[in-house]
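Undergrad: Structure provided below as structure tokens; questions to follow.
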Amino acid sequence: MVETKNVALVFGASGISGWAVTKCALSYPTPTTFDRVIGLTNRSLPLEKSGLPDDPRLELHSGVNLRGSLNEVLSQLQEKVPHLEDVTHVYYLAYSNATAYSMDVIAIRDINEGMTYNAVHAVDQLCKNLKFFVLQTGTNNYGVAVFRFQEHIEINPPLREDNPRIPSPWGDEIFYYAQVDLIKEANKGKSWKWCEVRPDQIVGHVPIPTNMSYVEPLSLYLMLYRYVNGPGATVVFPGPYTNYIHTHTPSSQDIIAHSELYLSIVKPDQAHGEAFNTADNATPAPWTLIWPKMCEYFGLNGEGASPEDKGWKDIDKWWVAHQDDYKKMCEEYSLCPRAISEETWIFLAAGFSFLGRNRELSLDKIRSVGFTEEFPVAYGYFRVFEHLVREKIIPDKEAWAK
């Protein structure tokens with residue numbers, strides 16, 4: 001009997017999590033685990049601009065719009081991806097924040113539930129050798145980002161996978177619940193297995209920026225702040241005091257990717273039907289630890305928020321006001337200029353303004369199935385800085401020293 005070769009299909013390959021899974025699947029858990037790695041995107045992602053390895057096993061296909069009807073998604077997949085029947089492992093990392101900036105959270109829920117439904121039922125029909133489906137959700141399983149109803153939601157960290165769902169109406173906007181339920185329903189009577197993976201705040205980078213990134217815009221801000229104010233300048237934490245001191249467990253994109261690949265490839269039987277928290281380390285890493293280390297990297301003195309600080313400090317306005325300095329800096333250091341969209345600033349400001357409650361994750365469950373990889377505190381941020389230096393988005397330290 002010939003063993004089925006492993007073929008990975010990644011929905012959302014241009015996002016921070018999907019890009020990392022697409023990249024890591026070419027080398028983890030072994031360099032030969034997958035015979036093909038297929039990255040799917042809605043918008044175009046040319047291979048030469050993707051930042052992904054030059055590997056003959058890698059394929060990128062754009063124009064798969066999960067917001068259409070199931071029949072449309074089926075047609076797009078069949079038209080664009082050859083030999084879909086060979087796919088064995090699916091990683092669902094797509095997300096739409098199409099209405100996020102109108103604050104219509106129920107519309108966001110409905111859009112993402114529909115996208116997940118289309119993906120699950122499409123691969124169930126088309127991928128005849130399907131073995132495993134991974135869904136990535138996040139800490140909002142525990143209600144930490146249901147900003148409208150925080151006074152009704154009890155959060156007692158460390159947060160564990162068996163915590164009950166947030167009841168209606170307070171939890172109605174959490175689309176993760178609907179995603180899990182529809183996968184359970186689709187899986188009935190099927191041979192393929194599935195699991196859910198829950199990271200905390202994602203630390204990562206993609207060569208083509210997304211609106212859901214926060215490390216790159218912070219890095220650009222700190223880089224320009226140093227340029228304008230000089231090395232050793234004091235830079236104040238941009239959010240309120242509650243955000244500065246609250247505990248959380250940052251999740252680097254590669255740790256997330258490795259945990260998802262590990263569960264689906266190495267421990268599929270133990271992972272089936274289960275949810276797993278994932279993060280760099282079980283030790284909480286509040287901004288009180290991270291901010292000074294980030295600032296030190298850029299040659300700055302990081303000053304924390306004071307108890308009187310209640311909100312966002314408008315660093316987006318500072319950035320806009322110093323665009324002439326930024327242009328001059330890019331020319332001086334031969335940097336590739338990057339735009340920070342209004343949506344990115346909104347995402348950053350919301351994260352720094354409203355996330356102010358302790359929410360660290362328990363990693364006991366994922367450790368119990370043998371996934372022990374971890375990063376030291378702040379290490380994930382330095383990995384992102386290395387990416388930014390390689391892509392000439394920020395200068396290396398030698399250039400700064402001149």
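The values are calculated or read from the model by the stated rules, or taken from the named source; none is laboratory data. Just so it is clear, the structure is predicted and the values come from calculations on it, not from any experiment. Backbone-built Cβ (ideal geometry, glycine too); neighbour counts: all protein chains shown.
Undergrad: Looking at this structure, is LEU52 in a loop (DSSP other than H, G, I, E, B), of a type in the set (A, V, I, L, M, F, W, C) and more than 24 Å from the chain's Cα centre (by Cα)?
TA: Details: in a loop (DSSP other than H, G, I, E, B): yes; of a type in the set (A, V, I, L, M, F, W, C): yes; more than 24 Å from the chain's Cα centre (by Cα): no.
It is false that LEU52 is in a loop (DSSP other than H, G, I, E, B), of a type in the set (A, V, I, L, M, F, W, C) and more than 24 Å from the chain's Cα centre (by Cα).
Undergrad: For residues that are of a type outside the set (Val, Ile, Thr), assigned to a helix (DSSP H, G or I) and more than 20 Å from the chain's Cα centre (by Cα), scanning just region 115-133, find the one that is surrounded by the fewest Cβ atoms within 10 Å (Cβ to Cβ).
TA: The initial filter retains those residues of region 115-133 that are of a type outside the set (Val, Ile, Thr), namely 115, 117-119, 121-122, 124-133.
Now drop any that are not assigned to a helix (DSSP H, G or I), which leaves 115, 117-119, 121-122, 124-126.
Pick out the ones that are also more than 20 Å from the chain's Cα centre (by Cα) and you get 117-118, 121-122, 124-126.
Values: TYR117: 19, ASN118: 25, HIS121: 16, ALA122: 24, ASP124: 17, GLN125: 14, LEU126: 17.
Ranking the candidates gives GLN125 first.
Undergrad: Take the residues in region 300-309 that are assigned to a loop (DSSP other than H, G, I, E, B) and charged (D, E, K, R), then tell me which one is farthest from GLN136 (Cα to Cα).
TA: First, the residues of region 300-309 that are assigned to a loop (DSSP other than H, G, I, E, B): 300, 304-309.
Filter once more, keeping what is charged (D, E, K, R): 308-309.
On the way: GLU308: 37, ASP309: 34 Å.
Filtering region 300-309 for residues that are assigned to a loop (DSSP other than H, G, I, E, B) and charged (D, E, K, R), the one farthest from GLN136 (Cα to Cα) comes out as GLU308.
Undergrad: Determine if region 322-333 includes at least one residue that is outside any helix (DSSP H, G or I) and crowded, with 16+ Cβ neighbours inside 10 Å.
TA: Applying the first criterion (outside any helix (DSSP H, G or I)) to region 322-333 yields 322.
Going one step further and asking which of them are crowded, with 16+ Cβ neighbours inside 10 Å, we end up with 322.
Yes, the conditions are met somewhere in region 322-333.
Undergrad: Does region 144-174 hold any residues that are under 28 Å from LYS188 (Cβ atoms) and of a type outside the set (Val, Ile, Thr), and which are they? Outline the logic, then answer.
TA: Taking region 144-174 first, the residues under 28 Å from LYS188 (Cβ atoms) are 160-168, 171-174.
ARG160, GLU161, ASP162, ASN163, PRO164, ARG165, PRO167, SER168, GLY171, ASP172, GLU173, listed by residue number.
Undergrad: Name every residue in region 27-48 that is among the hydrophobic types (A, V, I, L, M, F, W, C) and either free of Cβ contacts under 8 Å to residues at least 40 places away in the same chain or outside any strand (DSSP E or B) (or both), in order of residue number. Full working, then the answer.
TA: Taking region 27-48 as the starting set, the residues that turn out to be among the hydrophobic types (A, V, I, L, M, F, W, C) are 34, 37-38, 40, 45, 47.
Once the filter is applied, which keeps residues that are among the hydrophobic types (A, V, I, L, M, F, W, C) and either free of Cβ contacts under 8 Å to residues at least 40 places away in the same chain or outside any strand (DSSP E or B) (or both), region 27-48 yields PHE34, VAL37, LEU45, LEU47.
Undergrad: Please go through region 310-321 and give me each residue that is exposed (fewer than 14 other Cβ atoms within 10 Å of the Cβ), part of a helix (DSSP H, G or I) and of a type outside the set (Lys, Arg), ordered by number.
TA: Matches in region 310-321: VAL320, ALA321.
Undergrad: For region 380-402, what are the residues that are among the basic types (Lys, Arg) and over 21 Å from GLY232 (Cα atoms)?
TA: Here is the first cut: in region 380-402, the ones among the basic types (Lys, Arg) are 383, 390, 392, 397, 402.
Once the filter is applied, which keeps residues that are among the basic types (Lys, Arg) and over 21 Å from GLY232 (Cα atoms), region 380-402 yields ARG383, ARG390, LYS392.
Undergrad: Residue check, ALA282 against (1) modelled with pLDDT of 95 or more; (2) within 17 Å of GLU216 (Cβ to Cβ); (3) within 21 Å of the chain's Cα centre (by Cα), all met but one. Which one?
TA: ALA282 satisfies all of (1) modelled with pLDDT of 95 or more; (2) within 17 Å of GLU216 (Cβ to Cβ); (3) within 21 Å of the chain's Cα centre (by Cα) except (2).
Undergrad: Could you please give the count of residues in region 49-79 that are closer than 19 Å to ALA8 by Cβ, touching a Leu at 6+ places or on another chain (Cβ under 8 Å) and touching a residue at least 24 places away in the same chain (Cβ under 8 Å)?
TA: Result for region 49-79: 11.
Undergrad: Go through (1) within 18 Å of ASN42 (Cα to Cα); (2) at pLDDT 95 or above for THR99 and report which single condition fails.
TA: It fails just one condition, (2).
Undergrad: To continue, here is another question. Check GLU360, GLU373, GLU342 and return the single one that is surrounded by fewer than 16 Cβ atoms within 10 Å (Cβ to Cβ), over 24 Å from GLU391 (Cβ atoms), within 20 Å of the chain's Cα centre (by Cα) and not hydrophobic (A, V, I, L, M, F, W, C).
TA: GLU373
Undergrad: Regarding region 200-216, can at least one residue be identified that is crowded, with 20+ Cβ neighbours inside 10 Å, in a loop (DSSP other than H, G, I, E, B) and among the aliphatic types (A, V, I, L, M)?
TA: Looking through region 200-216, at least one residue is crowded, with 20+ Cβ neighbours inside 10 Å, in a loop (DSSP other than H, G, I, E, B) and among the aliphatic types (A, V, I, L, M).
Undergrad: With the checklist (1) touching a strand residue (DSSP E or B) at 6+ places or on another chain (Cβ under 8 Å); (2) small (Gly, Ala, Ser); (3) surrounded by fewer than 22 Cβ atoms within 10 Å (Cβ to Cβ) in hand, flag the one item SER96 doesn't pass.
TA: All conditions pass for SER96, except number (1).
For (1) aliphatic (A, V, I, L, M); (2) part of a loop (DSSP other than H, G, I, E, B); (3) modelled with pLDDT under 95, each residue gets a yes or a no:
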| position | (1), (2), (3) |
| --- | --- |
| ARG357 | no, yes, yes |
| ARG367 | no, no, no |
| THR372 | no, yes, no |
| VAL377 | yes, yes, yes |
| TYR381 | no, no, no |
| PHE385 | no, no, no |
| ILE394 | yes, yes, no |
| GLU398 | no, no, yes |
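Undergrad: Let me ask another. What tally of residues in region 134-189 results from selecting those that are modelled with pLDDT of 95 or more, among the acidic types (Asp, Glu) and part of a helix (DSSP H, G or I)?
TA: Looking only at that region, the number is 2.
Undergrad: Looking at VAL105, VAL87, VAL37, which is the one that is outside the structural domain of TYR214 (by TED's automatic domain parsing) and surrounded by fewer than 20 Cβ atoms within 10 Å (Cβ to Cβ)? Spell out the reasoning first.
TA: Details: VAL87 fails: surrounded by fewer than 20 Cβ atoms within 10 Å (Cβ to Cβ); VAL37 fails: surrounded by fewer than 20 Cβ atoms within 10 Å (Cβ to Cβ).
Selected residue: VAL105, the only one of VAL105, VAL87, VAL37 that is outside the structural domain of TYR214 (by TED's automatic domain parsing) and surrounded by fewer than 20 Cβ atoms within 10 Å (Cβ to Cβ).
Undergrad: Still on this model: Over 15 Å from THR283 (Cα atoms), in a helix (DSSP H, G or I) and without any contact (Cβ under 8 Å) to a residue 12 or more places away in the chain: does that describe GLU343?
TA: Numbers: over 15 Å from THR283 (Cα atoms): yes; in a helix (DSSP H, G or I): yes; without any contact (Cβ under 8 Å) to a residue 12 or more places away in the chain: no.
No; evaluated as a whole, the condition is false for this residue.
Undergrad: With respect to the numbered conditions (1) surrounded by fewer than 21 Cβ atoms within 10 Å (Cβ to Cβ); (2) touching a Leu at 6+ places or on another chain (Cβ under 7 Å); (3) not small (Gly, Ala, Ser), which one is the sole condition not fulfilled by PHE276?
TA: (1)
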